[in-house]
1. With 21 Å as the limit, write out which pairs from A:LYS71/A:LYS139; A:LYS80/B:LYS58; A:LYS107/A:LYS139; B:LYS85/B:LYS107; A:LYS71/B:LYS85 have Cα-Cα distances beyond it, or answer none.
2. Could you tell me the calculated FRET efficiency between B:THR73 and A:THR206, based on Cβ-Cβ distance and R0 = 22 angstrom, to the nearest 0.05?
3. Scale the Cα Rg of the protein assembly as shown by the rule-of-thumb value 2.2 N^0.38 Å and send over the ratio, two decimals.
4. Report for the protein assembly as shown the percent antiparallel among DSSP-assigned beta bridges with both residues inside it, nearest 5.
5. Which of A:HIS149, A:ALA179, A:VAL114 sits farthest toward the positive end of the charge dipole of chain A, with +1 on the Cβ of Lys and Arg and -1 on the Cβ of Asp and Glu?
6. Using the Karplus equation 6.51 cos²θ - 1.76 cosθ + 1.60 (θ = phi - 60°), what ³J(HN,Hα) coupling, rounded to whole Hz, does each residue of segment A:58-73 give in order, writing x for Gly and Pro?
7. 7 Å along Cα→Cβ for the label point: how many nanometres lie between A:PRO31 and each equivalent label in the other copies, listed shortest first?
8. From largest accessible area down, sort B:ASP154, B:ASP171, B:ASP47; use a 1.4 Å probe on the protein chains.
2 protein chains.
Amino acid sequence: MGKYDALADLLLEVIREGGGGGRKKDANLVPVGISNRHIHLSQPDLDTLFGAGYQLTKTKDLSQPMQYACKETLIIGGPKGAIEKVRILGPVRNETQVEILQTDCFKLGIIAPVRLSGDLQGTPGITLIGPKGSIYLSKGLMIAQRHIHMTPEDATRFGVIDGEQISIQIDGLRGGTYANVAIRANTVSALECHIDTEEANAMNLTANSQITIIK
Amino acid sequence: MGKYDALADLLLEVIREGGGGGRKKDANLVPVGISNRHIHLSQPDLDTLFGAGYQLTKTKDLSQPMQYACKETLIIGGPKGAIEKVRILGPVRNETQVEILQTDCFKLGIIAPVRLSGDLQGTPGITLIGPKGSIYLSKGLMIAQRHIHMTPEDATRFGVIDGEQISIQIDGLRGGTYANVAIRANTVSALECHIDTEEANAMNLTANSQITIIK
């Protein structure tokens, strides 16, 4: 190993350890939440798919305050194929949004962009099939960009701000780093790093894992 | 941003650029090969599953010399479920080996370790079902550890050795780094970084992508 590589390795090691007066690594640990493909519905779309005035049935609270998994599922379909039993998450939102995995794009025959939740402009559409009707959404299909929910107090503690994009480090044989993880800091969030099942599997992360913010 | 962070960022930037006399980043580019779940069979197991003296039918050459995808597929099964149409790769090997995705572990009900190809000791077994018979393998199930095939000349050029574990960098919105990528350098290899479909999807890599060795 040449002098340059030796220097580079040593510098990286020191930086990862946080330096003498820097952050402690443990202080930057964040629990992981793993999302499979799922759907957020508007009330008008819920009415069309399940019948007028339909109310979603909560089966499990999610870690984010007020958010829950529902008993109800839908079939989603594109020009090449369909996927059954896609879970609906509640409560209803202003706009319907369908978050899928990269692998689902091949099955459906639709290329979905990587987007932050709520950023629907220019996203492709998809067909939703429910027990009482179906809808062709003109937009709303995306692969969720990885992000970390936190309170403003958490953000201060981590030295980050809402909207910032940071990197996260994952330890272990299948470890590494994910770049461009968006910080979503507000007063109705609980601290959790949201990734999808493919991102979790690629780094061997489970619901009990923690990641480290490395900026 | 404090002085420590500013210093850390600058150092990382300089290191990534390879320094004044260091490696140029472009010189470390490696094409990507993406593997779905697949099976390598021994001739005795091929005989049991397809009939005595059976020969595999090549449908497509793979990028590694002498390796090919076959027309033949198998069903693989565990205590919780089965997966159909798992592709066999040829030619036959000394030992049968089944490489699956992390997501398949949930479906099959078997926890498979991350291993390098050929390192079968202590791996779990799985049932293989073919048109003429079935086998309960006592070992051979794994999730492939990501690795880079290359010639000894490539290894010299990259400054790595066979068996070394390096990191790779992936650019783009879904970019990041994967650690513990094993170097497999020998005279019968073509330069290619092998990852599985979940690792590819998590970083938005395709068959046309390239990654950068960053050590």
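The values are calculated or read from the model by the stated rules, or taken from the named source; none is laboratory data. Just so it is clear, the model here is predicted, and its values are computed rather than measured. All Cβ positions, glycine included, derive from the backbone under ideal geometry; neighbour counts span all protein chains shown. Quick note on the areas: whole protein, heavy atoms, side chains included, nothing else; ligands and nucleic acids left out. Shrake-Rupley method; radii C 1.70, N 1.55, O 1.52, S 1.80 Å.
1. On the way: A:LYS71/A:LYS139 24 Å; A:LYS80/B:LYS58 27 Å; A:LYS107/A:LYS139 18 Å; B:LYS85/B:LYS107 15 Å; A:LYS71/B:LYS85 31 Å.
Exceeds cut-off: A:LYS71/A:LYS139; A:LYS80/B:LYS58; A:LYS71/B:LYS85.
2. With a Förster radius of 22 Å, E is 0.15.
3. 1.07
4. In the protein assembly as shown, DSSP labels about 70 percent of beta bridges as antiparallel.
5. Farthest towards the positive pole: A:VAL114.
6. Karplus values, whole Hz, x for Gly and Pro: 5, 10, 7, 6, 8, 5, 6, x, 6, 8, 8, 7, 10, 5, 6, 10.
7. Label-point distances to the other copies, shortest first: 4.6 nm.
8. Per-residue accessible area, sorted high to low, gives B:ASP171, B:ASP47, B:ASP154.
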